[in-house]
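Structure, as structure tokens:
The values are calculated or read from the model by the stated rules, or taken from the named source; none is laboratory data. What you are looking at is a predicted structure, and each value in this text was computed from that prediction instead of being measured. Note that we place each Cβ from the backbone using ideal geometry, even for glycine, and neighbour counts take in every protein chain shown.
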Amino acid sequence: MLGFQPYETFQLLIDGGGVDRTNTLLIAACDAYVRRGKPTVPEMEQFEVLAARLFPAAGPHARAKGAAILARAELLTPDLESLVAAYLGDDLVAWLGTAENLSERTMLDLLSRQDADVAAALAARPDPTNIVLAKLFQVNSRKVYRALAANTSIALRGAYLSALARSAQMDHIVAEELSTRADFDAALLAPAFFDLSDAARLKVIRAFSSRETPAAPIKRTIEQISVANAELTKALMKLFSENRRPEVTRLFSQITGLDEVRCGQIAHDTSGAALFVVLRAFGCNAEDGLKVLIHATSHDQDRSKALAEFVTLFGTIPQDSMAYLMSAWRGEVNLLELVRPEYQPFTQESKRTPVAAPAPARNPAIDQAIEALARIGTRRAG
């Protein structure tokens, strides 16, 4: 078989030889199988029987070497996969990441080991079956959920979507991975907002563009306070220009109903994303909101591009949606309601409408403010 004729010769050598001869036979047989390329069904069946006898009888080093050779085979049966998985040792995780094909039986056998590294390697594969996925989502491991979040071959819907959205609230790496996926609704990352990068925070906000949202409990708080926009923006401009962020924290705590820790995060977020959410929730328009953002955002680099982005967001983000986002920060809403059809964005991408929608009208006064800010350059607020 496979270059060693006749097959009975192997049986005689195994029966009459010691461990050293078994070691030699195992490595030779595995090498011959791999060189065969695509063996016939009878050849695979014969080799399965032979390998099943050689691997247990060989020494530890020969088993590991034989498994490493066999792992390179173009075609393995589930039984041969099991032998590789059993004896490959420390190289198992690497093999799971590179193996072109892996049977469902082997994946389920490996998951029964309850090894987080092995499960994470399986979660990163492009071919897990629904049964395997169901088992993977039951594994209580951050490694596994991070791999699942990054695996674009997994369709995010139903229970899988819910599980990853919940995981994102507890693991910022899962949240960041999901924020990069085009098939994931970034609005579901609202509870993890403050754990995300600046770019991901803006993506969460953009996910609420031209979109209806369920009623936000915090909306009642905003309506009861009835803060005048002009007074609010004037107070915030003064506090931010004098770098009195602790006082901004206390002011937000009084008017938003958010806890002081969250308000402190908003006040010290120099990207301006969290502050935008509050300003828009209170109904600020682009002209008033930008005056505050100019004083509140970082002065370490040219900000004209970032501020221009906020101008666009003021024109496309509904006030109620930012109130909803603030309620999500307090854990008062079920974000999975957003997947319902009535809460999907108004404008959906379509192959029939390749022309991009026109940008919202720009205010010349705002453009002049952005240009003036760009010329000012780096300065200290105070």
Go through the stretch 178-204 and give me each residue that's more than 16 Å from Gln344 (Cα to Cα) and either part of a loop (DSSP other than H, G, I, E, B) or aliphatic (A, V, I, L, M) (or both). Leu178, Thr180, Arg181, Ala192, Leu196, Ser197, Ala199, Ala200, Leu202
In the set Tyr33, Tyr87, which member is touching a helix residue (DSSP H, G or I) at 6+ places or on another chain (Cβ under 8 Å), farther than 20 Å from Ala121 by Cα and among the hydroxyl-bearing types (Ser, Thr, Tyr)? Tyr33
Could you pull out every one of the helices (runs of 4 or more DSSP H) wholly within the stretch 61-170 that has 1 or more residues that are free of Cβ contacts under 8 Å to residues at least 24 places away in the same chain and surrounded by 15 or more Cβ atoms within 10 Å (Cβ to Cβ)? 78-87, 158-170
Within the stretch 212-261, the residues that are assigned to a loop (DSSP other than H, G, I, E, B), surrounded by 14 or more Cβ atoms within 10 Å (Cβ to Cβ) and free of Cβ contacts under 8 Å to residues at least 12 places away in the same chain are Arg244
Quick check on the stretch 279-335: of everything there that is of a type in the set (Ser, Thr, Tyr) and part of a helix (DSSP H, G or I), which residue is surrounded by the most Cβ atoms within 10 Å (Cβ to Cβ)? Tyr324
In this structure, is Thr106 of a type in the set (S, T, N, Q) and either in the same structural domain as Ala28 (by TED's automatic domain parsing) or under 30 Å from His172 (Cα atoms) (or both)? no
Of the conditions (1) among the acidic types (Asp, Glu); (2) surrounded by 17 or more Cβ atoms within 10 Å (Cβ to Cβ); (3) in the same structural domain as Ile317 (by TED's automatic domain parsing), the single one that Asp195 does not satisfy is (3)
